[in-house]
Amino acid sequence: MLRADCANCFGLCCVVPAYAASADFAITKPAGTPCPNLLADFRCGIHTQLRDRGFPGCTVYDCFGAGQQVAQHTYGGQDWRSSPEHAQEMFAVFPIVRELHELLWHLTEAQRHPAALSLHTELDELRVELARLAGLPPAELLALDVASRWQRADPLLSRVSELVRAEAPGPERRGADLIGADLRRKRLRGANLRGAYLIGANLREVDLGLADLIGADLRGADLRGADLSEALFLTQFQVNAAQGDTATRLPAGLDRPTHWSTTAPTARPGRAAGTRRRR
Ligand code: SF4
């Protein structure tokens, strides 16, 4: 439910957002207009060449399963091409459902942590409510105040984070500006990195176990050889935006991006192979 199923979507992520010509997108496209590469059957005409053709941003995006939810549930399989009277409404509904699904992703993960057992009932109540909201008809979805749900969930997720990280408390770096920082020798296990700016940061071979990464900006961060297998609140979107390799360890449920390096890191001068921090 919370993983993208493009075969059951109507290419909503190729229509709804606006794209500005940049390193991520080769073209400028206004919001609510189909990308010229979108085929009549809603497949991408350059799917296998996205990076080579100047569309790496498309390999990063993740809808948390909102695409197929809107296409198949909210609109019962009626697509915006054959039912253009629904198009604008569908395009407005999609980002709302995406936000609900992103929140559901985090709540689902939070419930998996035994250390947060005392919060499971609260987490479950909110998760069930959000799942119900995501299934509402379009008019009710458009009237939703999604921000208030995030405000309700945020302290709950923070408490989960504190309980889980209590096993190995790390540094407090919430919202820190770590853009381009060399963090290879920093202890980040159990760190609070909520909302941290890690754009282009060097996290090579760093142990990020039990580090809270909710909302952290990992665009271009070097995760080669890093251990994120126990990281908290990591999403496929964040992983896709970073750089990694075959030695990068990811949590269960997240996929290794196909555009990541297929080679393992080599030992660097002055640091012997196998010196990654042990748990
Ligand atoms: S290039 Fe392909 S994946 Fe990217 S927006 Fe256009 S159709 Fe969608």
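Every number here is computed from the coordinates shown, using simple stated rules; none is lab data. Remember, it's a predicted structure, so these values are computed and weren't measured experimentally. For neighbour counting, all protein chains shown are included, and Cβ atoms are generated from backbone atoms with ideal geometry for every residue, glycine included.
The length gained by stretching the chain between Asp52 and Phe237 to full extension, at 0.36 nm per residue less their Cα-Cα distance, is 64.6 nm. 3J(HN,Hα) along region 99-105: 5, 4, 5, 4, 5, 4, 4 Hz, from the Karplus curve 6.51 cos²θ - 1.76 cosθ + 1.60 with θ = phi - 60°, whole Hz, x for Gly and Pro. For Leu39 and Asp177, a Förster radius of 35 Å and the Cβ-Cβ distance give a FRET efficiency of 0.25, rounded to the nearest 0.05. Separation of region 172-224 from region 50-95 is 31 Å, based on Cα centroids. A simple rule links phi to the HN-Hα coupling: the Karplus curve 6.51 cos²θ - 1.76 cosθ + 1.60 with θ = phi - 60°, which for region 146-160 gives 5, 4, 5, 5, 4, 5, 6, 7, 4, x, 5, 5, 5, 5, 4 Hz, with x for Gly and Pro. For Arg112 and Ala7, FRET efficiency with R0 = 30 Å and r from the beta-carbon atoms, rounded to 0.05? The formula returns an efficiency of 0.65 here.
Put a dot 7 Å past the Cα of Ser229, heading toward its Cβ, do the same for Arg187, and the two dots end up 2.2 nm apart. Subtracting the Cα-Cα distance of Ala143 and Thr258 from their residue separation scaled by 0.36 nm leaves 37.6 nm.
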